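The values are calculated or read from the model by the stated rules, or taken from the named source; none is laboratory data. Values in this document were obtained by computation on a predicted structure and should not be read as measured data. Positions of Cβ are generated from backbone atoms using ideal geometry, with glycine treated the same way; all protein chains shown enter the neighbour counts. SASA here: full protein model, heavy atoms, side chains in, ligands and nucleic acids out. Shrake-Rupley method; radii C 1.70, N 1.55, O 1.52, S 1.80 Å.
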Amino acid sequence: MNDIQAKFPHISIKLNEPLSNYTYTKTGGNADIFVMPKTIEETQAIVSYCHQNNIPLTILGNGSNLIIKDGGIRGVIVHLDLLQSIKRNNTQVIVMSGAKLIDTAKFALDESLSGLEFACGIPGSIGGALHMNAGAYGGEISDVLEAATVLTQAGELKKLKRSELKAAYRFSTIAEKKYIVLEATFALQLDDKNTIQVKMDELTAAREAKQPLEYPSCGSVFKRPPGHFAGKLIQDSGLQGHIIGGAQVSLKHAGFIVNIGGATATDYMNLIAHVQKTVREKFDVELETEVKIIGEDK
């Protein structure tokens, strides 16, 4: 700890930081070393240092589709929340990885640029969105992404074109190769601001009507199985409202698991396993998690 603080005295570095402060479920153990770089250069320096010194490295974005286990994470956590810049270049929007997808969609609206309406309610960061090719209401990040600047695990800068992302449903090359997103460029189109606003209002109303936004959650827990909807399978399995510890299959949308009070990451994982087992037994369908689960058991 002292070594890394001495090496990077101008970067915010905390010891034994509770990661429950940074996840939407409000669960998770502590980080050994928690680093918040303010610039791309600082991020690259930290990543390179960890690589050169064989220090385990984990990147944390907005924590919205993530479960961190109760034992926390060893090594260095780099939290990219301070990389927030959003700017326009003609019909392009250039965004740093820590910026929120919702804020980026609002920025595009303010600039009368269309293409990110589908993202107006997705709570993740730009980095997380690219990592998993986030999507909603028929749109995906890869539909509008033009290029991405990333770091390799060794700290090498790379520029990826859209065609190099191999984007698929909740998947991209970024996840496969464990690249660290620094910046994304979106190619949008000029449109009437009112038209964009109406579409975003419609999608926001649909989201608020269907999703349990009143409780902490990790978003949609399971990927959509081919030919099925995860939420309907869970509902038809009689699991809606099922509780383990402080975690509950949402009464509003069975595809969500909410923290109704005092839930631990272990509660979440036990409930996920129970849902998977029950759906497998009843319908012979394997539910694959969309939420990312990282860290160590307590």
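Just wondering, is there one or more residues in the stretch 46-61 that are polar (S, T, N, Q), modelled with pLDDT of 95 or more, open to solvent by 10 Å² or more (accessible area, probe 1.4 Å) and under 21 Å from the mean Cα position of the chain (by Cα)? Checked against the condition, which is being polar (S, T, N, Q), modelled with pLDDT of 95 or more, open to solvent by 10 Å² or more (accessible area, probe 1.4 Å) and under 21 Å from the mean Cα position of the chain (by Cα), the stretch 46-61 yields at least one hit. Within the option set A175, A205, A209, A187, being in contact with a strand residue (DSSP E or B) (Cβ under 6 Å, 6 or more places away or on another chain), among the hydrophobic types (A, V, I, L, M, F, W, C) and surrounded by fewer than 21 Cβ atoms within 10 Å (Cβ to Cβ) holds for one residue only, A187.
Would you pick out the residues in the stretch 229-245 that are open to solvent by 70 Å² or more (accessible area, probe 1.4 Å) and not aromatic (F, W, Y)?
Answer for the stretch 229-245, where residues must be open to solvent by 70 Å² or more (accessible area, probe 1.4 Å) and not aromatic (F, W, Y): K232, Q235, D236, I243.
Can you spot a residue in the stretch 195-202 that is outside any helix (DSSP H, G or I), more than 17 Å from the chain's Cα centre (by Cα) and not β-branched (V, I, T)? No, the stretch 195-202 contains no residue that is outside any helix (DSSP H, G or I), more than 17 Å from the chain's Cα centre (by Cα) and not β-branched (V, I, T). Against the definition (among the charged types (D, E, K, R), touching a helix residue (DSSP H, G or I) at 6+ places or on another chain (Cβ under 6 Å), more than 21 Å from T149 (Cα to Cα) and open to solvent by 20 Å² or more (accessible area, probe 1.4 Å)), how does K14 come out, yes or no? Considered against the rule, which asks whether it is among the charged types (D, E, K, R), touching a helix residue (DSSP H, G or I) at 6+ places or on another chain (Cβ under 6 Å), more than 21 Å from T149 (Cα to Cα) and open to solvent by 20 Å² or more (accessible area, probe 1.4 Å), K14 comes out as no.
In summary, strands (runs of 3 or more DSSP E) completely within the stretch 208-298 and bearing 1 or more residues that are among the basic types (K, R), at pLDDT below 95 and out of contact with any helix residue (DSSP H, G or I) (no Cβ under 6 Å at 6 or more places or on another chain) occur at 292-294.
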